[in-house]
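K.L.:
Below you'll find the structure I mean.
The values are calculated or read from the model by the stated rules, or taken from the named source; none is laboratory data. The structure displayed is predicted, hence computed values, not measured ones. With ideal geometry, Cβ positions are generated from the backbone for all residues, glycine too; neighbour counts draw on all protein chains shown.
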């Protein structure tokens, strides 16, 4: 199964997920299937488990390295990350993911199919066992599919200090700007990424509001708009910039951007899209929606500079 990429219209609030399984042994020795999903836009290909080489002093969740044509990539044991114990049926598939300008392999027991769904069908996780790594829950007729936060999983394997260090780079001496009256709304369903973004912006002096998904962000914008109308002031007294992820439960960032840009009052609000899926093709499509700029997640050190250029 190679290159499972299906093109979707930007701004329709739809996505496609690849469903895969992790199997473990239940209390009575039976095999228990757990179902997970990942955005098809992150999936480069799906292959049988190849020969792998161990990595010395690596995290216990790193199974090793494998060669994929002209690249050598890390392979992650997802069961170890999620605290599961494998059944007698060992994983024999590798889902190769590409995001944030890197590739990583994920060991799984099987891959079933691709589903096209609306983000409205993706619910925020509530007390899920793997909630630390789950950003969304999809309820099917006979099972539940958990959407995993691979940015957090890979970020932790690479050490969170790396991302924090990138954030701190933005606080190095530079032009002295008064950001105390500037307000930014950040929408991202990953607490790991959202905290990194907001810490960077707040450390630079910006006032920052947070939303866990596009629907929450849209409701917050409407509340701000209502207050501004009641006070007879411009929206800029409450909001100067929207920074949004793309993949989020209930409403994705592309649909959120579309709603903002189609609104006569909100259309001049600058929108930055901050996403691990910001390929050159996606950047062109997303700019057509009205986004001012698109930032990839490895570009976190540039975020404050970009915000400054928008508002000063």
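K.L.:
Mind telling me which of the residues 219, 234, 213, 282 ends up being surrounded by fewer than 16 Cβ atoms within 10 Å (Cβ to Cβ), under 24 Å from residue 136 (Cα atoms) and not assigned by TED's automatic domain parsing to the domain that holds residue 137?
P.N.:
Within the list 219, 234, 213, 282, the selection yields 219.
K.L.:
Could you go through segment 189-205 and let me know if any residue there is farther than 20 Å from residue 276 by Cα, modelled with pLDDT of 90 or more and in contact with a helix residue (DSSP H, G or I) (Cβ under 6 Å, 6 or more places away or on another chain).
P.N.:
no
K.L.:
Here's a follow-up. From the list 71, 84, 67, which residue is surrounded by 17 or more Cβ atoms within 10 Å (Cβ to Cβ) and over 19 Å from the mean Cα position of the chain (by Cα)?
P.N.:
Of 71, 84, 67, the one residue that is surrounded by 17 or more Cβ atoms within 10 Å (Cβ to Cβ) and over 19 Å from the mean Cα position of the chain (by Cα) is 84.
K.L.:
Applying the selection to segment 266-284, what residues are in contact (Cβ under 8 Å) with a residue 12 or more places away in the chain and either out of contact with any helix residue (DSSP H, G or I) (no Cβ under 9 Å at 6 or more places or on another chain) or closer than 21 Å to residue 211 by Cα (or both)?
P.N.:
266, 267, 269, 270, 271, 272, 273, 274, 275, 276, 277, 278
Here is a yes/no grid of residues against (1) under 30 Å from residue 43 (Cα atoms); (2) touching a residue at least 12 places away in the same chain (Cβ under 8 Å):
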residue: 241; (1), (2): no, yes
residue: 248; (1), (2): yes, yes
residue: 254; (1), (2): yes, yes
residue: 264; (1), (2): no, no
residue: 290; (1), (2): yes, yes
residue: 311; (1), (2): no, yes
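K.L.:
Where in segment 34-128 are there strands (runs of 3 or more DSSP E), lying wholly inside it, with at least 3 residues that are without any contact (Cβ under 8 Å) to a residue 60 or more places away in the chain?
P.N.:
Ranges flagged: 43-48, 62-68, 71-77, 93-99, 102-108.
K.L.:
Quick check on my filter: what residues within segment 278-308 are modelled with pLDDT of 85 or more, more than 21 Å from residue 194 (Cα to Cα) and assigned to a helix (DSSP H, G or I)?
P.N.:
287, 288
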